[in-house]
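Trainee: Mind looking over this structure? Questions follow.
The values are calculated or read from the model by the stated rules, or taken from the named source; none is laboratory data. A quick note: this is a predicted structure, and the numbers were derived from the prediction, not measured. FYI the Cβ positions are ideal-geometry reconstructions off the backbone, even for glycines, and counts take in every protein chain you see.
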Amino acid sequence: MTREAGFTFVAVMLMTLLVLSLGVYLCVLMANQSHLTSSVDSQLYSLVLAENGVEYARSVLPHLDLNRVLAGLDGKHSGASTLEWRNPLTFDLARQMEPDAWSPSCDDGWPAHEETLLLPQGYPSAGGGRFYIRFSNNPLEPAAEDKDGIVLVRSMGITGANRNGFFHSARNNVSLVEAALRQERVFDLQAALVLFGESATFEWPGEGFEFNGNLNPAVGIVGYGELAQNLLNSLAAGQGVCFQGAGGSPSMREMTNEYLASPVYRRVFDTGFWEHFQDQLPAFVDTRLPGLRFYPNGGDISGSFEGFLVARGDFTLTEVQVEGVILHLGGGRLTLAADTSVRGAIWMSNNAGDGSGNLVHGPLDLRIVGSVSVAYDAGAVRRSLTLLPPTQLGWRILFPEMKL
Amino acid sequence: MPKNKGATLIEALIALSIGPLLVVAFLGAVAPVQSLTWDLSALHDRDSTLCLAPPLLCKWISGAGNNRVDRSTCVRADGNILHLQSDMDGSNGFPDGDVDESYESVSIRQNGSDLQIRSGAGSFQPAFRNVHSFHADLADSRLLRLALAADADKALIRVPSTGPKPITFDLYLWNFRPNLFGEVP
């Protein structure tokens with residue numbers, strides 16, 4: 001071999017090396033870009049999962065016994081001493097954990113149904129991601145004792161780390177979202193017929209009707225005025241026995257102070273509460289059964305209904321079987337006619353704001369005709385309340401550097 | 001002197017005359033590839049912006065665009081600047097009355113061909129290049145619609161230019177969702 005041939009060989013080798021180096025460089029560049037993009041995607045996916053967790057919490061919240069959830073299945077709250085006690089997992093743990101092998105060591109705040117945790121290992125989603133949710137009481141109340149129905153839910157979305165390949169990573173992508181939600185129990189009525197106002201007109205021709213509160217009163221009175229006296233004056237002799245339940249005959253209880261003292265019930269004295277409720281109601285009605293129905297201009301209905309029935313104006317129920325809650329918001333007469341039965345409770349009010357923040361009550365108007373039965377059923381009332389969506393009081397993303 | 005010395009001189013002369021031709025031929029073959037690479041690089045930069053901007057803006061805006069208390073100041077447009085502020089870092093997770101943390105206040109603006117971000121009390125920093133236009137639609141209080149168009153920041157040589165490439169995406173602002181009951185506790 002000549003010396004020139006050796007030079008050519010070296011030159012060819014150098015050229016080959018150069019081309020290979022360029023190829024490898026391009027491959028690394030592309031892989032790096034791909035890794036960066038998938039990492040951003042994974043982070044965003046963990047955020048989406050965390051958002052989904054809050055939506056999951058919204059859907060289960062109306063069905064939960066909050067104090068039982070806060071204390072956990074063991075009935076004992078483990079305390080609020082650690083820094084991230086409201087989180088389903090600490091950030092450090094979430095970044096390192098293997099989702100398949102992890103389970104919570106404390107059941108406080110984990111949603112449960114019939115003595116079983118609903119999501120002990122998170123909610124698995126496509127792509128290997130999961131979300132975990134945990135409820136905790138709002139900071140204005142003791143950690144394990146809820147009275148106002150307001151809870152915080154923290155949802156942690158976790159997408160798995162890439163533990164294989166060239167860009168090995170030992171850390172999961174983690175996002176944490178918190179929402180302040182209120183379980184709506186303001187219409188958790190405690191009597192077969194609850195009247196809110198100052199005066200009313202009642203008509204009950206005949207004795208074929210019955211208001212039965214069972215262990216609760218048949219009639220609850222909320223508000224300062226002459227409601228109770230109007231009711232007593234409207235009854236003919238012998239009609240008092242048509243109001244059965246706790247207390248005397250007719251079974252009736254003044255509930256104004258109970259409502260004023262309760263963080264849940266006292267909102268009915270706020271004019272803004274009623275304005276907001278009636279403004280938003282049309283957007284929340286649905287046609288399913290059980291469902292939430294609204295008759296803004298009253299009307300006549302018959303048949304059967306299960307759920308939450310809201311009406312204004314002249315509203316007549318004839319041969320109707322209702323299981324749930326009837327809300328009559330005034331503006332006319334509520335008539336329960338022949339063979340109508342209600343298992344649950346009825347709320348009647350007729351109010352509006354006076355423009356300066358005060359609630360002005362109009363007269364209530366109730367007419368009962370023929371064979372009508374209204375039987376208080378706490379279970380039916382509670383079931384209809386689960387149709388009301390929780391109110392979202394706040395929503396935020398939490399970062400590890402925040403005051404958790 | 002051996003006879004083959006003259007041959008080497010002739011070879012060298014031939015090599016010198018052919019060499020430039022080969023170099024020119026090589027460059028002639030490589031130049032189109034180089035200009036095509038130039039174009040692809042410019043288009044890749046443009047598409048990177050269009051690909052990365054939505055998820056990153058989603059993350060930044062979702063953090064700062066969900067005020068817990070005063071909605072009127074949360075999302076607002078001031079000229080060509082989109083301001084997002086959320087008071088979400090107080091004791092026990094409730095508002096503390098200021099928005100001095102970097103994640104509590106984010107502003108976004110287009111400046112030249114840059115999309116710039118300012119967080120907290122800092123100054124605007126470029127986040128994305130090649131931005132031709134940026135517009136935030138605040139008409140729907142629950143939905144923030146962002147329209148972004150990106151263009152190659154260098155003149156294309158071989159690939160015919162198709163103008164700015166637009167992308168529009170919506171961000172749902174969770175704290176602006178309607179509630180059946182009022183939010184006053």
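Trainee: Looking only at the range A:257-275, filter to residues that are under 21 Å from the mean Cα position of the chain (by Cα) and of a type in the set (Phe, Trp, Tyr); which one of those is nearest to the other protein chains (Cβ to nearest Cβ)?
Mentor: Ranking the candidates gives A:273 first.
Trainee: Taking the condition of being closer than 17 Å to residue A:225 by Cβ, touching a residue at least 24 places away in the same chain (Cβ under 8 Å) and surrounded by fewer than 18 Cβ atoms within 10 Å (Cβ to Cβ), how many residues in the range A:259-270 meet it?
Mentor: Taking the range A:259-270 first, the residues closer than 17 Å to residue A:225 by Cβ are A:259-260, A:268-269.
Okay, now just the ones that are also touching a residue at least 24 places away in the same chain (Cβ under 8 Å), so A:259, A:268-269.
Among the residues that remain, those that are also surrounded by fewer than 18 Cβ atoms within 10 Å (Cβ to Cβ) are: A:269.
Looking only at that region, the number is 1.
Trainee: For the range B:52-77, give me each residue that is at pLDDT below 85, surrounded by fewer than 19 Cβ atoms within 10 Å (Cβ to Cβ) and out of contact with any helix residue (DSSP H, G or I) (no Cβ under 7 Å at 6 or more places or on another chain).
Mentor: Within the range B:52-77, B:60, B:69, B:70, B:72, B:73 qualify.
Trainee: Next question, about the same structure. Identify, by number, the condition in (1) at pLDDT below 95; (2) surrounded by fewer than 21 Cβ atoms within 10 Å (Cβ to Cβ); (3) under 30 Å from residue A:353 (Cα atoms) that residue A:238 doesn't meet.
Mentor: (3)
Trainee: Across the range A:170-207, what is the number of residues that are in contact (Cβ under 8 Å) with a residue 40 or more places away in the chain and either surrounded by fewer than 20 Cβ atoms within 10 Å (Cβ to Cβ) or part of a loop (DSSP other than H, G, I, E, B) (or both)? Explain how you work it out, then say what you get.
Mentor: Within the range A:170-207, the first condition is being in contact (Cβ under 8 Å) with a residue 40 or more places away in the chain, and the residues that meet it are A:170-206.
The next check asks that each one be either surrounded by fewer than 20 Cβ atoms within 10 Å (Cβ to Cβ) or part of a loop (DSSP other than H, G, I, E, B) (or both); those that pass are A:170-172, A:183-192, A:197-199, A:201-206.
Summing the residues that are in contact (Cβ under 8 Å) with a residue 40 or more places away in the chain and either surrounded by fewer than 20 Cβ atoms within 10 Å (Cβ to Cβ) or part of a loop (DSSP other than H, G, I, E, B) (or both) in the range A:170-207 gives 22.
Trainee: Give the number of residues within the range B:121-153 that are without any contact (Cβ under 8 Å) to a residue 60 or more places away in the chain and not in a strand (DSSP E or B).
Mentor: Going residue by residue through the range B:121-153, those that are without any contact (Cβ under 8 Å) to a residue 60 or more places away in the chain are B:121-126, B:132-137, B:139-140, B:142-143, B:145, B:147, B:149.
Then keep just the ones that are not in a strand (DSSP E or B); that gives B:121-124, B:139-140, B:142.
Residues meeting the conditions: 7.
Trainee: Filter the range B:138-180 down to the residues that are farther than 28 Å from residue B:85 by Cβ and either under 21 Å from the mean Cα position of the chain (by Cα) or surrounded by 15 or more Cβ atoms within 10 Å (Cβ to Cβ) (or both) and list them by number. If you could, list the steps in order and put the result at the bottom.
Mentor: Taking the range B:138-180 and keeping what is farther than 28 Å from residue B:85 by Cβ, we get B:151-165.
If the condition is that a residue be farther than 28 Å from residue B:85 by Cβ and either under 21 Å from the mean Cα position of the chain (by Cα) or surrounded by 15 or more Cβ atoms within 10 Å (Cβ to Cβ) (or both), then B:151, B:152, B:153, B:154, B:155, B:156, B:161, B:162, B:163, B:164, B:165 are the ones that fit.
Trainee: Looking at (1) within 30 Å of residue B:178 (Cα to Cα); (2) without any contact (Cβ under 8 Å) to a residue 24 or more places away in the chain; (3) among the hydrophobic types (A, V, I, L, M, F, W, C), which is the one condition that is false for residue A:237?
Mentor: (1)
Trainee: Look through the range A:349-396, keep the residues that are away from chain B (no Cβ under 14 Å), in a loop (DSSP other than H, G, I, E, B) and under 27 Å from the mean Cα position of the chain (by Cα), and return whichever of them is farthest from residue A:217 (Cα to Cα).
Mentor: Out of the qualifying residues, it is A:350.
Trainee: Inside the range A:276-292, can you point out the residues that are surrounded by 14 or more Cβ atoms within 10 Å (Cβ to Cβ) and either within 13 Å of chain B (Cβ to nearest Cβ) or modelled with pLDDT of 95 or more (or both)? Can you show your working first?
Mentor: Of the residues in the range A:276-292, the ones surrounded by 14 or more Cβ atoms within 10 Å (Cβ to Cβ) are A:276-278, A:280-281, A:284-285, A:290-292.
Correct list: A:276, A:277, A:278, A:280, A:281, A:284, A:285, A:292.
Residue-by-condition table, conditions (1) away from chain B (no Cβ under 13 Å); (2) more than 17 Å from residue A:159 (Cβ to Cβ):
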{"site": "A:29", "(1), (2)": "no, yes"}
{"site": "A:32", "(1), (2)": "no, yes"}
{"site": "A:46", "(1), (2)": "no, no"}
{"site": "A:51", "(1), (2)": "no, no"}
{"site": "A:79", "(1), (2)": "yes, yes"}
{"site": "A:88", "(1), (2)": "yes, no"}
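Trainee: Take residue A:196 and tell me if it is closer than 30 Å to residue B:178 by Cα, more than 14 Å from every other protein chain (Cβ to nearest Cβ), aromatic (Phe, Trp, Tyr) and under 28 Å from the mean Cα position of the chain (by Cα).
Mentor: Answer is yes for this residue.
Trainee: Could you count how many residues in the range B:4-58 are farther than 30 Å from residue B:134 by Cα and not basic (Lys, Arg)? Walk me through how you get there before you give the answer.
Mentor: If we filter the range B:4-58 for residues that are farther than 30 Å from residue B:134 by Cα, which is where we start, we get B:4-34.
Imposing the further condition that a residue be not basic (Lys, Arg) reduces the set to B:4, B:6-34.
So the count comes out to 30.
Trainee: Can you tell me which residue in the range B:10-40 is nearest to residue B:147 (Cα to Cα), limited to those that are in contact (Cβ under 8 Å) with a residue 24 or more places away in the chain and of a type outside the set (A, V, I, L, M, F, W, C)?
Mentor: Here is the first cut: in the range B:10-40, the residues in contact (Cβ under 8 Å) with a residue 24 or more places away in the chain are B:32, B:35-36, B:38-40.
Imposing the further condition that a residue be of a type outside the set (A, V, I, L, M, F, W, C) reduces the set to B:32, B:35, B:39.
Working: B:32: 35, B:35: 31, B:39: 25 Å.
Among those that are in contact (Cβ under 8 Å) with a residue 24 or more places away in the chain and of a type outside the set (A, V, I, L, M, F, W, C), it is B:39.
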